[in-house]
Amino acid sequence: MLLIIVFSSCCAYGQQDNLSSLFPDSSLGTAHETVINTFKSTMIVNAQSNETLHKHDLVFNISHRFDDIAGSAGGVKTFFGLDNSTDVKIFFEYGITDRLTVGIGRSKGAPEYREVNVPFNSLTELWEGKIKYRLLTQTEDGRRPFAVTLFANAVVSSMSRDTALHSDANFGKFSDRWSFTGQVIIARKFSERFSFAVLPTLVHRNLVAPGDKSDLYALGLGGRWQFNRHMAIIADYFIPFRSEATKNYFSANGISLYNPLSVGWEIETGGHVFHIDFTNAAAILENQFIPYTTRSWTKGQFRWGFNISRTFTLGKKSTWKK
Amino acid sequence: MNKVLTLMLGLWAAVPSQLQAQQVYVSRNATISFYSSAPIEDIQAQTSQAVSAVNLATGSVYFKVQIRSFRFPKSLMQEHFNTDYMGSDQYPYAEFSGKLQGLPADPADGAYPVMVDGKLTIHGVSKEYKENGTLTLNSGRLTIVSSFKVKLADHRIKIPSLLFQHIAEVVDVKVNATYLKSAPPQAGTR
């Protein structure tokens, strides 16, 4: 009896000295920790990522697309497309809260470059306003296996009216200058190195060529594979769901449409994110490259481009210390 | 008579264990901060969510902190710290386990310079540390304050060469923990 008492008291004491057992992982508030850095910037290549900015962060971004590397517009004559640019975009984004990011941008626009019977993609001088809302975050414990972000933009063209009959730039009224994109970005960080996103998308253009439809649904796919701590391969692809009627309309007018595929190399240097991209999309805005990509990878009609983004922290720095 | 004797012996056996159990002090909001000077901008971060325990009877001391709990003045810096430097998905905690030295057997209220000797694990890499600190006892409240240096290379934390903000290879760490006596465990009074 005595032995039992002494024994039990000794062991109770022994357990006490194993101080780490006082603090199991679950006691340190790890539950539902959110996954961070599914992507390293708000863009994958041409597609949006699920990332929004931190509160009071400002991002300045410049994107540039050169002309076709090969094919009739490329080759040595144009120094593999570097003599020309198909599109240039400058934009600012600002984090109002950690979940809500707004932005404004201006892009040159990438109108159809060939002579066509039906001017179907004529808009230039594009001004974009956009809004992005982080609806759901992925959690480390797998309770919420993916993240959801909503994206919308409104784009207006300030170009002068094109008087050609049936042109999509033959603006009858101011609203004809507008187009819109709505998108749901569903993303998952599968591992430290690999993230993937699915982007159901609707592009609406108020004025389109006579045989085209204003609404175009598309599905975007995007991914990021990080091969060291600061570099990653990024890619995205869009599948537009055109009706047979519009497909026939375009092919009857000798216009081939392709699905935009973009591949890039991402370099992150703490505050700056650089993308060096290859894409068959001439345009940078969703409103243009999803419905109107007429250049094909297999014909050498892809280009190189770059995105440079710089983050500025504008929030008060003294607020972090309690 | 026999029962009384057993009871007395039982009490005698239980009392010291209860006393020792009461020598365990627990902190659930210990503050850990670090500072690194860098040419463009100094880098600093802080957490008040570290946990710690001290057993004055044995001198054992233990700290644990969740890497993700460190707060930076810039959120982007915090992101880089977690994903680029610390790999906090893979190594979510830093831990220290060691012994206090230089403490009297049954310390009265007052401040004592102490030496802490033990193993610090950061980024999944452990290293032995021997650091100075101050332990203060004040009517049941115990405080430990210490500051020491951590060399990033010792824990295989790499400074990316591409990073525009080069940071120092040695980081100053400060620890400040206030403890309360833990409730007597049931085992001691069984």
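Each value in this text was obtained by applying a stated rule to the coordinates, not by laboratory testing. The model shown is predicted, which means the values in this text are computed figures rather than measured ones. Quick reminder, even Gly has a Cβ in these numbers, built from the backbone with ideal geometry, and neighbours come from all protein chains shown.
Computing FRET efficiency as 1/(1 + (r/R0)^6) for residue B:139 and residue A:20, where r is the C-beta to C-beta distance and R0 is 25 Å, gives about 0.35.
Note on chain A: Cα-only Rg and Dmax are 25.3, 106 Å.
Tell me the mean residue ellipticity at 222 nm calculated for chain A from its helices only (DSSP H runs of n ≥ 4, each -39500 (n - 2.57), averaged over every residue, nearest 500). Mean residue ellipticity, 222 nm, calculated: -2500 deg cm²/dmol. Note: relative contact order over segment A:31-312, using C-alpha pairs below 8 Å and six or more positions apart, is 20 percent. Structure remark: mean-square fluctuation, Gaussian network model of chain A, C-alpha springs under 10 Å; the largest value among A:216, A:165, A:53 belongs to A:165. Arranged from fewest to most other beta-carbon atoms within 10 Å of their beta carbon, A:284, B:157, A:233 become A:233, B:157, A:284. In terms of surrounding Cβ atoms within a 10 Å radius of their Cβ, B:84, B:109 rank from fewest to most as B:109, B:84. Counting only alpha carbon atoms, the long axis of helix A:2-17 and the longest principal axis of chain A meet at about 30°. All other residues whose Cβ lies under 15 angstrom from that of residue A:175 are scored, Lys and Arg at +1 and Asp and Glu at -1, for a net of +2.
The loop-placed trypsin sites (Lys or Arg not before Pro) in segment A:248-321, going by DSSP, that have at most 13 neighbouring Cβ atoms within 10 Å of their Cβ come out as A:316, A:321. Distances between placed amide hydrogens fall under 5 Å for residue A:296 paired with A:301, all partners being 5 or more residues away or on another chain. Here the Karplus relation 6.51 cos²θ - 1.76 cosθ + 1.60, evaluated at θ = phi - 60°, turns the backbone of segment B:112-117 into coupling constants of 10, x, 10, 10, 10, 10 Hz, with x for every Gly and Pro. Ordering of A:127-138, B:62-73, B:30-41 by packing is B:62-73, A:127-138, B:30-41, highest average first (other Cβ atoms within 10 Å, averaged per residue). Among residues other than residue A:137 with Cβ under 13 Å from its Cβ, the summed charge is +1 (Lys and Arg +1, Asp and Glu -1). Each peptide in A:198-208, A:235-245 receives the mean, over its residues, of other Cβ atoms within 10 Å, and ordering these scores from highest gives A:198-208, A:235-245.
Can you check what the net charge comes to around residue B:79, using other residues whose Cβ is under 11 Å from the Cβ of residue B:79 (Lys, Arg +1; Asp, Glu -1)? Provide the component values of the computation, followed by the final result.
Values: positive: A:40, B:68, B:74; negative: A:51, A:57, A:268, B:84.
Result for the neighbourhood of residue B:79: -1.
What order do you get for B:74, B:119 when you list them from fewest to most C-beta neighbours inside 10 Å? Spell out each step's value before the answer.
Details: B:74 22, B:119 12.
In order of increasing Cβ crowding within 10 Å: B:119, B:74.
With each label modelled as a point 7 angstrom along the Cα→C-beta vector, the residue B:91-residue A:100 pair spans 3.9 nm.
Work out the mean other chain Cβ neighbour count within 10 Å for the residues of B:23-29 and drop it here as an integer. Please report the intermediate quantities before stating the final value.
Working: counts 2, 4, 1, 3, 0, 4, 0.
Per-residue shielding by partner chains comes out at 2.
Comparing A:157, A:21, A:251 in a Gaussian network model of chain A, where Cα atoms under 10 Å apart are tied by springs, the biggest mean-square fluctuation is seen for A:21.
Counting Cβ atoms of other protein chains within 10 Å of each Cβ in B:69-81 and taking the mean gives 5.
Can you tell me the length gained on complete extension of the stretch residue B:76 to residue B:127, counting 0.36 nm per residue apart and subtracting the Cα distance? The partial results should precede the final answer.
Details: separation 51, 0.36 × 51 = 18.36 nm, distance 2.90 nm.
Additional length available on full extension: 15.5 nm.
Each 5 Å bin, from zero up to the one with the longest distance, holds this percent of the alpha carbon pairs of segment A:226-315: 3, 13, 19, 18, 16, 11, 8, 5, 4, 2, 0, 0.
Restricting the count to DSSP beta bridges whose residues both fall in the protein assembly as shown, what percent are antiparallel, rounded to a multiple of 5?
Roughly 100 percent of the beta bridges in the protein assembly as shown run antiparallel, per DSSP.
Karplus-derived 3J(HN,Hα) values for segment B:91-102, using 6.51 cos²θ - 1.76 cosθ + 1.60 with θ = phi - 60°, are 10, x, 10, 10, 9, 10, 9, x, 10, 8, 10, x Hz; glycine and proline are entered as x.
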